[in-house]
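Following: one structure in structure tokens, then a few remarks.
The values are calculated or read from the model by the stated rules, or taken from the named source; none is laboratory data. Small disclaimer: the values here were computed from a predicted structure and weren't measured. For neighbour counting, all protein chains shown are included, and Cβ atoms are generated from backbone atoms with ideal geometry for every residue, glycine included. Areas reflect the complete protein model, heavy atoms only, side chains present, ligands, DNA and RNA absent. Shrake-Rupley method; radii C 1.70, N 1.55, O 1.52, S 1.80 Å.
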Amino acid sequence: MDPGGPGVNTLADAWDWLTDSANWAGDAGVWHRLTQHLVLTVVCLVISCLIALPVALVLGHLGKGGALAVNISNVGRAIPTFAVLVLLLLTPIGKWGEGPTVVALVLFAVPPLLTNAYVGMREVDRDVVRASRGMGMTGRQMLWQVEVPLAMPMILNGVRIAAVQLVATATIAALAGGGGLGRIITAGFNLASTPQVVAGAVLVAVFALLVEAVFEVAERLAPKRGAR
Amino acid sequence: MTAPPDDCLARNEWICGEYLSTRRDILLDAVGQHLQLTAFSVLIGLALAVPLAVLARRWGWAAGPVLALTTVLYTIPSLAMFSLLLPAYGLSAALVVAGLVLYSLTLLVRNILAGLRAVPEETRQAARGMGYGPIRLLLTVELPLALPAAMAGLRIATVSAVSLATVGAIVGFGGLGNLIYSGMNTFFKAQVLTASVLCVLIAVVADLLLLGVQWLITPWTRAARA
């Protein structure tokens with residue numbers, strides 16, 4: 001009989017799985033899956049920022065398209081990630097390897113970036129903006145020297161939400177055949193190996209929490225404007 | 001020998017009326033399972049979130065840890081959350097419900113706590129001055145005033161639960177997610193598209209219903225605006 005109960009036993013088995021170096025090497029090993037997950041997250045975050053931020057900054061500067069920028073993140077929440085991944089897999093994009101994963105990741109990272117950057121731009125004190133106009137600043141100068149620096153905390157908050165979203169979406173991508181740490185979990189289910197499923201889940205959870213922590217630390221270390 | 005049927009099912013088209021009529025029972029079963037998973041999760045989440053938020057409001061020191069815990073839970077991706085619950089629940093609908101409860105709980109606690117904190121201090125003092133005890137103050141003043149924020153949280157939690165329930169397909173209890181999963185393995189386009197559209201429809205209808213409920217139970221917000 002197992003004195004610790006089945007839960008403790010599974011955790012011990014999951015720990016054994018994690019500490020077995022054979023599980024870390026090779027194409028299906030942890031190191032390879034971790035690299036895939038990291039590369040997918042970073043590449044898609046950069047692509048999403050390049051798409052969303054210019055649009056949000058220009059719309060915010062002009063004060064147009066607010067309803068679109070705010071509602072798009074509500075719509076994004078109602079659409080299941082898994083469904084989008086599978087739909088993309090069945091379209092011609094599905095033939096390009098990681099294509100469906102990249103497109104789906106970008107689609108789900110753009111709304112929080114767009115909404116937060118737009119709201120940040122609109123929350124900049126209108127008096128400050130009018131003062132900068134009165135000082136003779138051009139639209140471009142106002143955007144880069146006044147509005148963007150003041151909106152930066154909200155813009156970075158959007159980047160943080162997008163990054164966490166990307167890690168989660170990249171995990172679900174494994175269900176639709178994409179790479180990344182989620183593959184350790186799906187492979188565990190296919191092998192009916194609960195220790196591997198739990199070990200993979202722990203890796204994913206730690207990875208997601210680390211990403212969140214990196215942004216938390218970056219926010220604390222960032223120079224506070226107006227503190228002088 | 002009869003020729004194979006040349007309908008949209010045989011041609012594997014995305015939009016297929018034939019699919020809707022021949023697989024109606026499968027679709028209805030999946031929608032039913034999806035609704036059950038979502039409804040149970042959100043209701044259990046709500047039942048746990050209200051006392052947690054009230055306690056976090058009452059004892060200031062509890063608010064920090066409660067909010068930190070909800071942030072941690074919310075950061076864990078859904079597939080990992082379901083997998084972490086596997087040793088406790090096995091391959092069951094309870095596993096999916098438990099995972100969705102944790103996400104709903106997170107969203108609800110944050111919103112209800114924000115709503116309770118937004119109750120003006122003068123309002124509280126006025127109620128106390130009128131002789132309200134702590135329980136009556138909570139039930140008849142603070143909670144009603146927190147309703148708009150709580151309902152906003154409930155709508156987000158419900159829509160998220162509808163969408164996340166599809167991931168439950170990994171353990172075979174994903175409602176419409178099961179159809180998407182099996183459709184993926186057989187490249188059955190009509191099944192994947194139909195299930196996806198139904199899923200979004202459920203989310204939108206649930207959101208509108210909750211908006212209607214909010215309209216009905218907070219008449220004073222309309223009176224103030226008029």
For this session: Say whether the condition of being over 16 Å from residue A:147 (Cβ atoms) and within 14 Å of chain B (Cβ to nearest Cβ) is met by at least one residue in the stretch A:62-71.
Result: yes
For this session: Considering every residue within the stretch B:135-150, establish whether at least one is facing chain A (nearest Cβ under 10 Å) and either closer than 25 Å to residue B:55 by Cα or surrounded by fewer than 19 Cβ atoms within 10 Å (Cβ to Cβ) (or both).
Result: no
For this session: State all residues of the stretch B:198-225 that are free of Cβ contacts under 8 Å to residues at least 40 places away in the same chain and either assigned to a loop (DSSP other than H, G, I, E, B) or exposed (fewer than 13 other Cβ atoms within 10 Å of the Cβ) (or both); if no residue qualifies, say none.
Result: B:205, B:208, B:209, B:212, B:215, B:216, B:219, B:220, B:222, B:223, B:224, B:225
Exercise. Taking the stretch B:174-196 only, how many residues are open to solvent by 50 Å² or more (accessible area, probe 1.4 Å) and either under 16 Å from the mean Cα position of the chain (by Cα) or facing chain A (nearest Cβ under 9 Å) (or both)?
Worked result: 3
Exercise. For the subset of the stretch A:173-195 comprising residues that are of a type in the set (Gly, Ala, Ser) and not in a helix (DSSP H, G or I), which member is farthest from the other protein chains (Cβ to nearest Cβ)?
Worked result: A:179
Exercise. Going by the structure shown, is residue B:7 outside any helix (DSSP H, G or I), more than 21 Å from residue A:91 (Cβ to Cβ) and of a type outside the set (Val, Ile, Thr)?
Worked result: yes
Problem set entry | Candidate set from the stretch A:85-100 (those that are surrounded by fewer than 21 Cβ atoms within 10 Å (Cβ to Cβ) and β-branched (Val, Ile, Thr)); member that is nearest to the other protein chains (Cβ to nearest Cβ) | A:91
Exercise. So how many residues does the stretch B:119-133 have that are outside any helix (DSSP H, G or I), open to solvent by 50 Å² or more (accessible area, probe 1.4 Å) and under 22 Å from residue B:150 (Cβ atoms)?
Worked result: 2
Problem set entry | Any hit, the stretch A:31-52, residues being surrounded by fewer than 21 Cβ atoms within 10 Å (Cβ to Cβ), in contact with a Phe, Trp or Tyr (Cβ under 7 Å, 6 or more places away or on another chain) and free of Cβ contacts under 8 Å to residues at least 40 places away in the same chain | yes
Exercise. Can you tell me how many residues in the stretch A:181-202 are open to solvent by less than 20 Å² (accessible area, probe 1.4 Å) and modelled with pLDDT under 90?
Worked result: 0
For this session: Would you be able to say whether some residue in the stretch B:210-222 is facing chain A (nearest Cβ under 10 Å) and of a type outside the set (Phe, Trp, Tyr)?
Result: no
Exercise. Out of all the residues in the stretch B:186-195, which are part of a helix (DSSP H, G or I) and either charged (D, E, K, R) or over 21 Å from residue B:42 (Cβ atoms) (or both)?
Worked result: B:189, B:190, B:191, B:192, B:193, B:194
